[in-house]
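Novice: Below you'll find the structure I mean.
We did not get these values from a lab; they are worked out from the coordinates using the rules stated. As the structure is a prediction and not an experimental result, all values here were calculated from the model. Because the Cβ atoms are built from the backbone with ideal geometry, glycine has one as well, and the counts that use them run over all protein chains shown.
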Amino acid sequence: MNPLFQHQTWLKALLPVIQAARRYHDHEVRGLENIPDSTGATLVVNHSLATYDITLLVATLFIERGMAARTMIDRLFFKVPLVGDFMKNYFGAVQGCRETAEQLLRNKEVIAVAPGGMLEALRPSTERYQIRWERRLGFVHCAMKTQTPIILAACPKADELYDVFPLHLTSWFYKNYKVPVFLAGGRGMTPIPRPIKLVHYLSEPMLPPPWSDDEDQRNRDARAFHAKLVDRMNALMCEGIRDQRRTGKDFRRVKSVPA
């Protein structure tokens, strides 16, 4: 079976569960029309501890635009029995590497990446909303090499689904073993995420600089474009926070969620 068709088939099977999560969070995506359908594109997201907010975004793209984005995930998932296969079969996820990303982009597919990875996801709540993409240039090089656009997708309130407590143990395990060890609490300090309204704010398509055969020039261009992306993502995060505070849509009561 064609991998993309298989991905769409399993995604359809999971839609009832995903739709329930979308209702729980009254999930919205603003700027979905910014994702082109005639070329490959990279959808770049911030990484919350909950992570499933990315799934809500990908599902919305499928429901409203009929586009099945492929999520690039950490190779750690493929080392855990059953988890990697589940993510691959049900969500069309692939192990994050440049070669795979470039091939998908050349095939005019949309890929979703969270450059911050575990480093960003494990931030304590005292550092919520912060973008941690330092030296994460792989997605920029892929966009440059394939000359495909990047669309940023900020979901600031995803950082409020859980309180993440600062622990030296978290830093130690990440630094030495790249293993996510953390202490966090959601609704009533349980593992249940808070019923917070989630909104993804999408940027305009941002075109990368051309690929240069000169390595030094290429690296300078990549760093400059990366800095531009980080600045734009920070702006989107701030705009999103202001927007939800202005409209009073920070928290919702579970009893108001449609059946």
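Novice: For a test of the definition: using alpha carbon positions, the gyration tensor, and the 1.5 limit on a/c, classify segment 118-259 as rounded, prolate or oblate.
Specialist: Here segment 118-259 falls in the oblate category.
Novice: When a/c is below 1.5 the answer is rounded, else prolate if a/b is larger than b/c, else oblate, so apply that to segment 145-197 with a ≥ b ≥ c taken from the square roots of the Cα gyration tensor eigenvalues.
Specialist: Oblate is the answer for segment 145-197, as a/c is 1.5 or above yet b/c matches or exceeds a/b.
Novice: Let's test the formula: R0 of 41 Å, r as the Cβ-Cβ distance of Arg135 and Arg245. What FRET efficiency results, to the nearest 0.05?
Specialist: Rounded to the nearest 0.05, the efficiency is 0.80.
Novice: What is the packing order of peptides 97-108, 139-150, taking the mean over residues of other C-beta atoms within 10 Å and listing the highest first?
Specialist: The most tightly packed comes first, giving 139-150, 97-108.
Novice: Calculated FRET efficiency, His168 and Glu28, Cβ-Cβ r, R0 35 Å, to nearest 0.05?
Specialist: 0.40
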